[in-house]
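Below is one structure, written out as structure tokens; the observations come after it.
The values are calculated or read from the model by the stated rules, or taken from the named source; none is laboratory data. Being a predicted model, the structure only gives us computed values, none of them experimental. Here the Cβ positions follow ideal geometry from the backbone for every residue, glycine too, while neighbour counts run over all protein chains shown. Remember, those area values only see protein heavy atoms, side chains included, never the ligands or the DNA or RNA. Shrake-Rupley method; radii C 1.70, N 1.55, O 1.52, S 1.80 Å.
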Amino acid sequence: MRFPREQKVFLQAAKLLEQIKMDPDDLVCLFKLQKLLIRQIVKVETKTRRLKKVRHRLKSAKSSVGKRLNFTRELKRKKALEIKSLLESCTKRLNDYKQLLFLWRTFGDAIAGIYQSKYSLKHLFYDGEYNPKQDAGFLSGKEGFLLEYKSLVLGIKNGIPVLLCDLTNVVRHGDICLMGAEEPFLIELKSSKNQNARTQRQGEQLKKLGSFLATDEAKNFRGGLNTKRVPYRNKEVNYFDEINYCLTTAMKKGVCLIKPETGLSYISFTYQTFEEQKNKITKVLEEVVSQTSMMMTLTPTETSLPLQSYVLSFSAENGCHFIQEDLHVFAIIDIAEIKKQYKQLGVHAVALMDGIHAFQLCLDEGDLMKGVIRVNEQLFLRIACEFQSLSWFTEETAYQLNAIGDMQTDVDETTHGIFSKLSDDWLNPIDCLDI
């Protein structure tokens, strides 16, 4: 078990989150969870500061060892090795603290996910160039934190669900997020009226974000011309009950395999099983893995950002076991099955899996002007990380493609932001299954 000392508090946070999920109007519970997160984050930050000071002193001591004239060569070597070992230990512990801060903030991400659409929250993770925005700094000692906390208290007292942005990994714009409306409303709090280039830039970014979330469109959004958000046709289908059954069963039996639909499988196993009975895991893997399978290891790390927080998908107990790495999860997706489903829907699909895009979809592979789109890998990863239905995903993306094909828009070379020449990699895409 990772972070065993945090087990009790992790479970406390997870149970508070479950209460909010069942009753989002319980603002007292919402406030309690945020206070708990503040305490835990500040505690880890304090330990981090202390350890960084120790590391600094060790580095100074290491550089001075070679200058000690009363040390023999052998003694210098011995002392240097001792300090090196201590420095490595410090680095490992600092990495653990960084991971622990991330884990506490996953509960903040889950709070945001209860009140707001995950597709809106995604946009709060990136800067104006569509790069991940710098993450939150330390809460302890932060200038302006008292004002943010007072705003949180004021909002809760007035019946408004408010979230401190620094308690999340995903919401990287603004200081507080008001979550009472359909879309998140971000506020940048300033104790001073002084303006500089940084504050002006922050204000401009918030204005652009707010306008895009309110209108669902922008002429130029993060480099994308004539960007427009469109809703899914049907309600999203997820296998939350199934994956929780899988995790609960794995805790009892060591390993569990479930197949919620054709082409999609989940395998969960305990750390103890992995250490002592790997053959049990291998046996269930052989049942579902083929040459056309893609297997993804789900991990409670920063690599999952900005997708939905795992602790929002799992029950309190399962979520705690997962983030403490007592439980592990594989998601296996059959790429050939996806292509088969697209074909049945009248769509030609090429599996790219090039690190940026997962699929290229078109209505007519001989004439891409009839309609062609690319599905990015982040969207595709939602199938595994958010336990989406495979058939729902293919139907919805095929529908989006057909909607584009049905558009009656006259375009030519002068149509700004709509018409562009297709590059060779679009005209001749390489299917990863053919390599």
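Summed over segment 219-243, the residues that are open to solvent by less than 70 Å² (accessible area, probe 1.4 Å), closer than 30 Å to Cys256 by Cβ and of a type in the set (S, T, N, Q) give a count of 1.
How many of the residues making up segment 181-218 are of a type outside the set (Gly, Ala, Ser) and open to solvent by 60 Å² or more (accessible area, probe 1.4 Å)?
Restricting attention to segment 181-218, the residues satisfying the condition of being of a type outside the set (Gly, Ala, Ser) are 182-190, 193-196, 198-202, 204-209, 212-213, 215-217.
Those still in the list that are open to solvent by 60 Å² or more (accessible area, probe 1.4 Å) too: 182, 185, 190, 193-196, 198, 200-201, 204, 207-208, 215, 217.
Residues meeting the conditions: 15.
Open to solvent by 40 Å² or more (accessible area, probe 1.4 Å), in contact (Cβ under 8 Å) with a residue 24 or more places away in the chain, over 18 Å from Leu124 (Cα atoms) and assigned to a helix (DSSP H, G or I): does that describe Leu152? Explain how you work it out, then say what you get.
Values: open to solvent by 40 Å² or more (accessible area, probe 1.4 Å): no; in contact (Cβ under 8 Å) with a residue 24 or more places away in the chain: yes; over 18 Å from Leu124 (Cα atoms): yes; assigned to a helix (DSSP H, G or I): yes.
The answer is no for Leu152.
Apart from one condition, Leu345 fits all of (1) within 29 Å of Thr303 (Cα to Cα); (2) open to solvent by 10 Å² or more (accessible area, probe 1.4 Å); (3) touching a residue at least 40 places away in the same chain (Cβ under 8 Å); the exception is (1). Any chance segment 156-175 includes a residue that's surrounded by fewer than 18 Cβ atoms within 10 Å (Cβ to Cβ), in contact (Cβ under 8 Å) with a residue 12 or more places away in the chain, farther than 22 Å from Thr106 by Cβ and out of contact with any Leu (no Cβ under 9 Å at 6 or more places or on another chain)? Checked segment 156-175: no residue is surrounded by fewer than 18 Cβ atoms within 10 Å (Cβ to Cβ), in contact (Cβ under 8 Å) with a residue 12 or more places away in the chain, farther than 22 Å from Thr106 by Cβ and out of contact with any Leu (no Cβ under 9 Å at 6 or more places or on another chain). Selection of segment 245-265 for residues being of a type in the set (Ser, Thr, Tyr) and either surrounded by fewer than 16 Cβ atoms within 10 Å (Cβ to Cβ) or within 20 Å of Gln291 (Cβ to Cβ) (or both) yields Thr249, Thr262, Ser265. Within segment 376-398, residues that are closer than 25 Å to His328 by Cα sit with their Cβ atoms under 6 Å from residues that are modelled with pLDDT under 95 and in a helix (DSSP H, G or I), at 6+ positions apart or across chains, in these pairs: Cys385/Ser304.
Among the residues of segment 319-339, not a single one is farther than 30 Å from Ala14 by Cα and in contact with an Asp or Glu (Cβ under 6 Å, 6 or more places away or on another chain). Taking segment 282-298 as the range and being surrounded by fewer than 18 Cβ atoms within 10 Å (Cβ to Cβ) and either touching a helix residue (DSSP H, G or I) at 6+ places or on another chain (Cβ under 7 Å) or of a type outside the set (A, V, I, L, M) (or both) as the test, the residues that pass are Thr282, Lys283, Glu286, Glu287, Ser290, Gln291, Thr292, Ser293, Met296, Thr297.
Among the candidates Val230, Val170, the residue that is under 21 Å from the mean Cα position of the chain (by Cα) and β-branched (Val, Ile, Thr) is uniquely Val170.
I'd like to know if segment 131-148 contains one or more residues that are open to solvent by less than 10 Å² (accessible area, probe 1.4 Å), touching a residue at least 24 places away in the same chain (Cβ under 8 Å), outside any loop (DSSP other than H, G, I, E, B) and aliphatic (A, V, I, L, M). Looking for residues that are open to solvent by less than 10 Å² (accessible area, probe 1.4 Å), touching a residue at least 24 places away in the same chain (Cβ under 8 Å), outside any loop (DSSP other than H, G, I, E, B) and aliphatic (A, V, I, L, M), one finds none in segment 131-148, hence no.
Kindly indicate the residue of segment 368-394 that is over 23 Å from Tyr266 (Cα atoms) and of a type in the set (Val, Ile, Thr) and also surrounded by the most Cβ atoms within 10 Å (Cβ to Cβ) among those meeting that condition. So, considering only residues that are over 23 Å from Tyr266 (Cα atoms) and of a type in the set (Val, Ile, Thr), the one surrounded by the most Cβ atoms within 10 Å (Cβ to Cβ) is Val372.
Here Gly355 meets the list (1) modelled with pLDDT of 95 or more; (2) surrounded by fewer than 20 Cβ atoms within 10 Å (Cβ to Cβ) almost entirely, failing just condition (1).
Here's the yes/no breakdown for (1) touching a residue at least 24 places away in the same chain (Cβ under 8 Å); (2) buried (at least 18 other Cβ atoms within 10 Å of the Cβ); (3) part of a loop (DSSP other than H, G, I, E, B); (4) on the phi > 0 side of the Ramachandran plot:
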site: Thr303; (1), (2), (3), (4): no, no, no, no
site: Leu307; (1), (2), (3), (4): yes, yes, yes, no
site: Leu312; (1), (2), (3), (4): yes, yes, no, no
site: Glu317; (1), (2), (3), (4): yes, no, no, no
site: His321; (1), (2), (3), (4): yes, yes, no, no
site: Val329; (1), (2), (3), (4): yes, yes, no, no
site: Ile333; (1), (2), (3), (4): yes, yes, no, no
site: Ala336; (1), (2), (3), (4): yes, no, no, no
site: Gln341; (1), (2), (3), (4): yes, yes, no, no
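To keep it simple, each residue is scored yes or no on (1) in contact with a Pro (Cβ under 8 Å, 6 or more places away or on another chain); (2) acidic (Asp, Glu).
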{"residue": "Asp96", "(1), (2)": "no, yes"}
{"residue": "Leu100", "(1), (2)": "no, no"}
{"residue": "Gly128", "(1), (2)": "no, no"}
{"residue": "Ser140", "(1), (2)": "no, no"}
{"residue": "Glu143", "(1), (2)": "no, yes"}
{"residue": "Leu154", "(1), (2)": "no, no"}
{"residue": "Gly180", "(1), (2)": "yes, no"}
